[in-house]
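Take this structure, written in structure tokens, and hold onto it; I'll ask about it next.
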Amino acid sequence: MKMTFRWYGLDDAVSLENIRQIPNMTGVVTAIYSVPVGEVWPEDEIIRLKEECAKNNLEMEVIESVPVHEDIKLRRNDYVRYIENFKENIRLLAKHGVKCICYNFMPVFDWTRSQLDHRLEDGSTALVYYKEDVSKLDPTKLTLPGWDASYSVEEVKTLIEDYQALGEEGLWENLKLFIEEVLPVAVECDVNMAIHPDDPPWPIFGIPRIITSEENLDRFLKLFDDPHHGLTLCSGSLGCTTKNNIPQIIRRFGKDGRIHFAHIRNVKILEDGSFEESAHYSKCGSLDIYEILKAYYEVGFKGYIRPDHGRMIWGETGKAGYGLYDRALGAMYMAGIIEALEKGER
């Protein structure tokens, strides 16, 4: 397993110098954030990012994410051009040493929370999803991390209505078309494509979500029979519902080499199905991080792994979920478990 760390580029408050000081860290997971969704990334910016990483002895082998334009998901307007642009981005990234591309097929909104700075009992702050609060939100007026904030209120309203009309099966059909178009390019370039699960893994605001469960992951992988077609398995995204058994999912798809990228984080599931993000340590949440890493170890996982969302601790401020301190603690906690698994077997 190659330990990596999410880095939001040169404007990130967490610097490459910070990241390289975390023991066992091999590289960063990053992207080009200045380009509009769906457009081709400038090659010089890809080169610049890679050179900055190399200066700090960090690899740039994973990109998270290359966004999929809403026209592709809805199969409308300029979807053909946007698919061709996505293919070109695969080629450009492969040319400069990228081996894994994370992407998602979540309609309109990326990961969704009701609050980004909820204060926990220990005084730290974390992202939370309280169902009652989400039900009261106006989705046309949200500003959430990880989604295109350039849409107007009316555009968001129209998007939501279009997805509601499309439905789950329509979304599956459009995902199938996208996969059939881009995966041959990924195979040719020897790049692993790793879809990220929907977060949370259930419909929000009446919009369908489909990458949500073991059954749906199986259906997804059957869309294209090639090991380059795989998963970013996020323990926190799938694990925020008790319906998903994360170690079981890892063993099922990991043994076939279809998991390319692992996001590890813990969540505390509440009685009504809401959840709070927590420290990585197993006892802080509802997921057994030891059992999750043991499953990866047992299937011989050789892909990329990273600590996912962390709390804000020790007075740190910055991008919600992506501070330095708690994610660094998570990386070391994971490294300790992996070392124990390796030495225990010997």
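The values are calculated or read from the model by the stated rules, or taken from the named source; none is laboratory data. Just so it is clear, the structure is predicted and the values come from calculations on it, not from any experiment. Cβ atoms come from the backbone with ideal geometry, glycine included; neighbour counts cover every protein chain shown. Quick note on the areas: whole protein, heavy atoms, side chains included, nothing else; ligands and nucleic acids left out. Shrake-Rupley method; radii C 1.70, N 1.55, O 1.52, S 1.80 Å.
Consider only pairs whose beta carbons are under 9 Å apart and that are at least six residues apart or on different chains; among these, list those whose first residue lies in region 202-230 and is over 15 Å from Gly170 (Cα atoms) and touching a residue at least 40 places away in the same chain (Cβ under 8 Å) and whose second residue is polar (S, T, N, Q) and surrounded by fewer than 19 Cβ atoms within 10 Å (Cβ to Cβ).
Final answer for the pair search is Phe205/Gln164.
Here's something else I'd like to know. Failed condition for Phe253, given (1) touching a strand residue (DSSP E or B) at 6+ places or on another chain (Cβ under 6 Å); (2) over 16 Å from Thr4 (Cα atoms); (3) in a loop (DSSP other than H, G, I, E, B), with all others met?
Evaluating Phe253 over (1) touching a strand residue (DSSP E or B) at 6+ places or on another chain (Cβ under 6 Å); (2) over 16 Å from Thr4 (Cα atoms); (3) in a loop (DSSP other than H, G, I, E, B) leaves (3) as the failure.
Exactly one of (1) hydroxyl-bearing (Ser, Thr, Tyr); (2) in contact (Cβ under 8 Å) with a residue 40 or more places away in the chain; (3) within 27 Å of Arg265 (Cβ to Cβ) is unmet by Ser135. Its number?
(2)
Pairs, please: C-beta under 7 Å, at least 6 apart or cross-chain, first residue under 17 Å from Asn266 (Cβ atoms) and charged (D, E, K, R) and in region 311-330, second open to solvent by 20 Å² or more (accessible area, probe 1.4 Å) and assigned to a strand (DSSP E or B)?
Arg311/Thr125
Let me ask something additional. What residue, among those in region 260-277 that are open to solvent by 10 Å² or more (accessible area, probe 1.4 Å) and either of a type outside the set (Lys, Arg) or under 18 Å from the mean Cα position of the chain (by Cα) (or both), is farthest from Ile337 (Cα to Cα)?
For region 260-277, the residue satisfying everything is Asp272.
Tell me, which residue of region 69-96 that is among the polar types (S, T, N, Q) and touching a residue at least 12 places away in the same chain (Cβ under 8 Å) is nearest to Ser235 (Cα to Cα)?
Asn89
Right, something else. Hey, can you tell me all the residues within region 112-134 that are charged (D, E, K, R) and either on the phi > 0 side of the Ramachandran plot or in a loop (DSSP other than H, G, I, E, B) (or both)?
Matches in region 112-134: Arg113, Glu121, Asp122.
Filtering region 140-184 down to residues that are outside any loop (DSSP other than H, G, I, E, B) and modelled with pLDDT under 85, which residue is most open to solvent (accessible area, probe 1.4 Å)?
Selected residue: Lys141.
OK, next. Give me the residue from region 1-47 that is hydroxyl-bearing (Ser, Thr, Tyr) and more than 17 Å from the chain's Cα centre (by Cα) and, out of that set, nearest to Arg81 (Cα to Cα).
Ser34
Might you check whether a residue that is outside any helix (DSSP H, G or I), touching a Ser or Thr at 6+ places or on another chain (Cβ under 7 Å) and buried (at least 18 other Cβ atoms within 10 Å of the Cβ) occurs anywhere in region 214-236?
no
Next question. Name, by its number, the condition in (1) open to solvent by less than 50 Å² (accessible area, probe 1.4 Å); (2) more than 24 Å from Ala262 (Cβ to Cβ); (3) out of contact with any helix residue (DSSP H, G or I) (no Cβ under 6 Å at 6 or more places or on another chain); (4) at pLDDT below 95 that does not hold for Val108.
(3)
Right, here's the next one. Which residue out of Val37, Val29 is of a type outside the set (Ser, Thr, Tyr), within 21 Å of Ala194 (Cα to Cα) and at pLDDT below 95?
So the residue among Val37, Val29 that is of a type outside the set (Ser, Thr, Tyr), within 21 Å of Ala194 (Cα to Cα) and at pLDDT below 95 is Val37.
Out of (1) open to solvent by 70 Å² or more (accessible area, probe 1.4 Å); (2) over 19 Å from Thr232 (Cα atoms), what's the single condition that is false for Lys99?
Condition not satisfied by Lys99: (2).
For region 40-48, indicate whether the set of residues that are over 29 Å from Glu168 (Cβ atoms), of a type outside the set (Gly, Ala, Ser) and in contact with an Asp or Glu (Cβ under 8 Å, 6 or more places away or on another chain) is non-empty.
Yes, there is a match, as at least one residue in region 40-48 is over 29 Å from Glu168 (Cβ atoms), of a type outside the set (Gly, Ala, Ser) and in contact with an Asp or Glu (Cβ under 8 Å, 6 or more places away or on another chain).
While we're looking at this one, here's another question. Can you tell me how many residues within region 280-336 are among the charged types (D, E, K, R) and open to solvent by 40 Å² or more (accessible area, probe 1.4 Å)?
Number satisfying all stated conditions: 7.
Name the residues in region 249-304 that are in contact with a Leu (Cβ under 9 Å, 6 or more places away or on another chain) and on the phi > 0 side of the Ramachandran plot, would you?
none
Could you check region 14-46 and list, in sequence order, the residues that are touching a residue at least 12 places away in the same chain (Cβ under 8 Å), closer than 15 Å to Leu324 by Cβ and open to solvent by 40 Å² or more (accessible area, probe 1.4 Å)?
Those that are touching a residue at least 12 places away in the same chain (Cβ under 8 Å), closer than 15 Å to Leu324 by Cβ and open to solvent by 40 Å² or more (accessible area, probe 1.4 Å): Glu17, Asn18, Arg20, Pro23.
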